[in-house]
Every structure is written in C-alpha cells, then in structure tokens.
1. Do you know which of the residues in segment 86-95 that are surrounded by 18 or more Cβ atoms within 10 Å (Cβ to Cβ) and not β-branched (Val, Ile, Thr) is farthest from Thr111 (Cα to Cα)?
2. If we keep just the residues of segment 17-39 that are touching a residue at least 24 places away in the same chain (Cβ under 8 Å) and of a type in the set (Gly, Ala, Ser), which is surrounded by the most Cβ atoms within 10 Å (Cβ to Cβ)?
3. Restrict the check to segment 70-85 and report whether at least one residue is farther than 30 Å from Asn164 by Cα, open to solvent by 70 Å² or more (accessible area, probe 1.4 Å), touching a strand residue (DSSP E or B) at 6+ places or on another chain (Cβ under 8 Å) and touching a residue at least 12 places away in the same chain (Cβ under 8 Å).
4. Can you pull out the residues in segment 105-148 that are touching a strand residue (DSSP E or B) at 6+ places or on another chain (Cβ under 6 Å) and closer than 30 Å to Gly78 by Cβ?
5. Do any residues in segment 116-140 that are of a type in the set (Val, Ile, Thr) have Cβ atoms under 7 Å from those of residues that are open to solvent by 80 Å² or more (accessible area, probe 1.4 Å) and outside any loop (DSSP other than H, G, I, E, B), where the two are at least six apart or on different chains, and which pairs are they?
6. Scan segment 149-170 and give yes if some residue there is touching a residue at least 24 places away in the same chain (Cβ under 8 Å), over 30 Å from His75 (Cβ atoms), open to solvent by 40 Å² or more (accessible area, probe 1.4 Å) and under 22 Å from the mean Cα position of the chain (by Cα), otherwise no.
7. Quick check on segment 171-198: of everything there that is open to solvent by less than 70 Å² (accessible area, probe 1.4 Å) and without any contact (Cβ under 8 Å) to a residue 24 or more places away in the chain, which residue is nearest to Thr111 (Cα to Cα)?
8. Can you spot a residue in segment 47-59 that is surrounded by 16 or more Cβ atoms within 10 Å (Cβ to Cβ), closer than 25 Å to Ala144 by Cα, touching a Leu at 6+ places or on another chain (Cβ under 8 Å) and not charged (D, E, K, R)?
Amino acid sequence: EADKVWVYVNGKRAHASMLSQLKRERFPEGTPVVSIVNGFATEDCQLAENDQVILIEKGVIPSQEDFERMLTARHTPGVYEKIRNARVGIAGLGGLGSQIALCLARTGVGTLHLVDFDEVEPSNLNRQQYHIRDLGKKKTQALADEIAQINPYVQVEKDCIRVNDENAAALFHRDTVVCEAFDTPEAKAMLVNTLLER
C-alpha cells in the first residue's frame, strides 16, 4: 500500500502501483484489455504519480469520453479542444480528399462535411481510400462508413452534388475550413475564387 500512487483511470482518481493490478481490479480474468498510459499502449508498467491510464476491452468501441481522453493524451489540451470544435468541408473525395478526410477523422476533428457527386469505381481503388466493397456506392457514403470505423464520434455531413460557382458559397457557408481537393485546374480555380469572393 505504501508504494501506491495516485493515478487517473478512465478519468477517475485511483491508487495503484502497477498497471497489471488495475486491470485485475476492473476486468474479469481472461478479458482482453488494451492499456494506454499517458497516450501510449503498453502491457504492464510501474505507474507514477498522476499518470493518465485508459483501460478498454479489446475490440469494443470505448465511450466518447474515453476516446477523447486517449486523443488528448497525445495532443496539447488546448489544441485538441480546437480540433474537436472544428468544422471542415472537403470538396472532392478522390485521392487527396479521401486521404484528408481520414486523417482529420483520426485527429479527432468535430465535424467533417463531405462533398462529391461521384461513385466509387474500379479505377479509384489503386489510389483512393476506398475498398472493393464500396464499388458503386456514392463516395460520400463510402467515406462516411470508413470514418465511422476510424472514429465513430466525428459528425459527418454529406452532400452528393457537383460543386459549381452557383452552389459553392451556399454549400460551404457553415464550414470554417474548406479543403479543395478537385482534379482539374478549372474546378480548383472556380472553388477558390467563388469562396474568396462570396
């Protein structure tokens, strides 16, 4: 007892000296557990005062609070708060846009607004973030499904529409950041010029 220190386990203060002890206290024997100490996965270790420990059952989606604690452990708290409250529009969900969307979901961005008119086709599979099972699906839906597997707590909004100079300002008016990921120089110039002008 004398060698125990105060740590935080899934956000609550607790006494412990070893990570293995915490796992035994919180899960039935034989339960596969993922242990994260100060943002790093580990099997067992000696704990230090005020360590941040997250214990979750392997293969089970953690609560939103525990998921955010894991992300916060690797970010500066003020930075993560900005990311969590961010709203990002992505115009075009091809090779660049699909990658941007998944990276932002992994980072913990609060809201992603996915905009593309196209469907997934075989030629997309070698360079875009889609799977064979996505063939024939709208890119907006296929990407939303993938994001749900990476971070189910990201709010995803979808607009399956071709962006043009008449609808661009209205489509992206709520987005504080817009990522232009179109294929052609003409579409790129149209989006940038329209959004900057309006």
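The values are calculated or read from the model by the stated rules, or taken from the named source; none is laboratory data. Worth saying up front: this structure is predicted, and the values here are computed from it rather than measured. Quick reminder, even Gly has a Cβ in these numbers, built from the backbone with ideal geometry, and neighbours come from all protein chains shown. The protein model used for the area step is the full one, side chains on, heavy atoms only, and it has no ligands, DNA or RNA in it. Shrake-Rupley method; radii C 1.70, N 1.55, O 1.52, S 1.80 Å.
1. Within segment 86-95, the match that is farthest from Thr111 (Cα to Cα) is Gly94.
2. Result: Ser17.
3. Checked segment 70-85: no residue is farther than 30 Å from Asn164 by Cα, open to solvent by 70 Å² or more (accessible area, probe 1.4 Å), touching a strand residue (DSSP E or B) at 6+ places or on another chain (Cβ under 8 Å) and touching a residue at least 12 places away in the same chain (Cβ under 8 Å).
4. Of everything in segment 105-148, those that are touching a strand residue (DSSP E or B) at 6+ places or on another chain (Cβ under 6 Å) and closer than 30 Å to Gly78 by Cβ turn out to be Val109, Thr111, Leu112, His113, Leu114, Val115, Leu143, Ala144, Ile147.
5. Within 7 Å, the pairs are Thr140/Lys158.
6. yes
7. The selected residue is Val192.
8. No, segment 47-59 contains no residue that is surrounded by 16 or more Cβ atoms within 10 Å (Cβ to Cβ), closer than 25 Å to Ala144 by Cα, touching a Leu at 6+ places or on another chain (Cβ under 8 Å) and not charged (D, E, K, R).
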